[in-house]
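Taken together, the values in this text are just the output of simple stated rules run on the coordinates, not laboratory data. Computed from a predicted model, the values in this text were never measured in an experiment. Positions of Cβ are generated from backbone atoms using ideal geometry, with glycine treated the same way; all protein chains shown enter the neighbour counts.
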Amino acid sequence: MKFTFKAVLAAAIMSVGLGAGSTVQAGKRLVLPDLDWTGAVVTCRTIQWVLENHMDYKVKNVSMPGGPGVWEAIRAGDIDFYCEAWPSYNPIKSEYVKEYGGDGSLVRIADTGIIGASGYFTPRYVIEGDSSRGIEAVAPNLKTVQDLNQYKHHFKSLESGDRGNLIACPEVAWLCEDQERMDGLGVDFHAQNMGSETAHWAEMQAKYKRGEPFIAYAWTPHWIFAALDLVEVELPAYDEAKWPATNWPQDICFKFGSPASIEKHPEVVALLEKHRLTNAQQAGMIYEVDVNKRDVDEVVAEWMEANESVWRTWLP
C-alpha cells in the first residue's frame, strides 16, 4: 500500500479542523488524539481523567486515524502527546524516534504497559467442527497460513472471486500489509479491508453466528476472544528482513511527544512516565465500550473510581 506522509497529514488535519499553531495555548491546555481503535482511546482517556480531575488541565480531543498523520501532527505542534503507539504498525518511528534510529524530533517517554500481539484467526469450528451447531470441520488440517491454499474455496467471497478472502486489518493507515503478506507467502487470498474497527468485528461476529468459515486479522488485548472461540493460524516467526511475509513482532506499546511539548509540560511527562495499564485492565474497559455500547468517558470514570490505588501511583 502506497501513500505519502504529507497526504495523510493533510487529510487528517483537515478532517479535524486543526490549523498550525492552534493547539497548545497559554496555561494548562493539551490536545490529545482519539485514535481509531478503542484500546488507544481507553488508554488516553485514563490519562486525561487524571489530567482534568487532579492536575487542572483542560484537554481537547481530536479524532484521527492511527498512522503517520498523527506523528506528523505532533512534530508540527498540532497535537501534544501520543498515548499508545504500537511499534510494528509505525515504521515511521525509525525516522523520528532516537531509540529506533530516528533523528530525535519525537521523544519516546515510557511504556504504556500494554503488550500487543497480532495475527490471523479462524473459528474453532472451522478446524474441529461443532456438533452442537451441526457444523462440520471444513479445514481439519489447517495449522499455518500457507495451509489456507488447500481450503481457499471454503473462504471465497463476492469480493475475492476465485481466491479465498481474508478479513484484513480494518484500516489501511495501520500499515498491516496484509495483501503483501498473502502474496509474499504464496497464499491465494484477497485481503479485504472493512474500513473501520466496528465494521471489522461486526463482520466476524455475523459470520460466526451463521457458522461460516472465515479467517480474520485480530490483536490482543481485545474482547473478541471472549466473545468468539478463535484459533490462531500460524504465520512464520517475525523476521525484519522478510517483512511483511512474516508474523508481527510482539508490540511493547509506548507513549511519545515532541521535545517542545515535553519541555512545556514536565508535570504531564511525569504522569506519562508513571502511567501503566495492563492488558487485562484495558480489555475490560474495551469490552464495556464495544460490546455493552457504553460511553467511553463513563466507563473510564467508573474504572478510575474503582481503582484509586492504581491511578494514585501515577501522580507526579
| query | With point charges of +1 on the Cβ of Lys and Arg and -1 on the Cβ of Asp and Glu, referenced to the Cα centre of the chain, which listed residue (314, 254, 33) lies farthest in the positive direction of the dipole? | reply | 33
| What are the residues whose amide H is under 5 Å from the amide H of residue 135, where those residues sit 5 or more places off or on another chain and H is modelled from the backbone? | 130
| field | Reachable aspartates and glutamates from residue 143, criterion Cα separation under 12 angstrom, eight or more residues apart if same chain | value | 128, 232, 234
| message | Checking the a/c ratio against 1.5 first, then a/b against b/c, what shape does the Cα gyration tensor give for the stretch 118-233? | response | oblate
| request: Just the number, please: percent antiparallel of the DSSP beta bridges in the chain, rounded to the nearest 5. | output: 60
| query | For the pair residue 274 and residue 227, what calculated FRET efficiency results from E = 1/(1 + (r/R0)^6), where r is the Cβ-Cβ distance and R0 = 22 Å, to the nearest 0.05? | reply | 0.10
| Sequence-distant or interchain residues sharing an amide H contact under 5 Å with residue 114, placed H: which? | 253, 277
| query | Counting other C-beta atoms within 10 Å, which of 38, 220 has the fewest, and how do the rest follow? | reply | 220, 38
| said: Test of understanding: ordering 118, 261, 196 by Cβ neighbours within 10 Å, fewest first, what list do you get? | reply: 196, 118, 261
| field | Added length on full extension, which subtracts the Cα-Cα distance from 0.36 nm per residue, residue 203 to residue 124 | value | 26.8 nm
| request: Arrange the following residues from fewest to most other Cβ atoms within 10 Å of their Cβ: 258, 160. | output: 160, 258
| field | the stretch 137-183 versus the stretch 54-122: alpha-carbon centroid distance in Å | value | 29
| Which lysines does residue 274 reach when only Cα atoms under 25 Å apart count, and residues fewer than 8 places away in its own chain are ignored? | 28, 58, 60, 93, 98, 255, 264
| field | Anchor residue 207: aspartates and glutamates whose Cα lies under 14 Å away (excluding residues fewer than 8 positions away in-chain) | value | 229
| query | Looking at the chain, which Cys residues are left with no other cysteine's beta carbon under 4.7 Å from theirs? | reply | 253
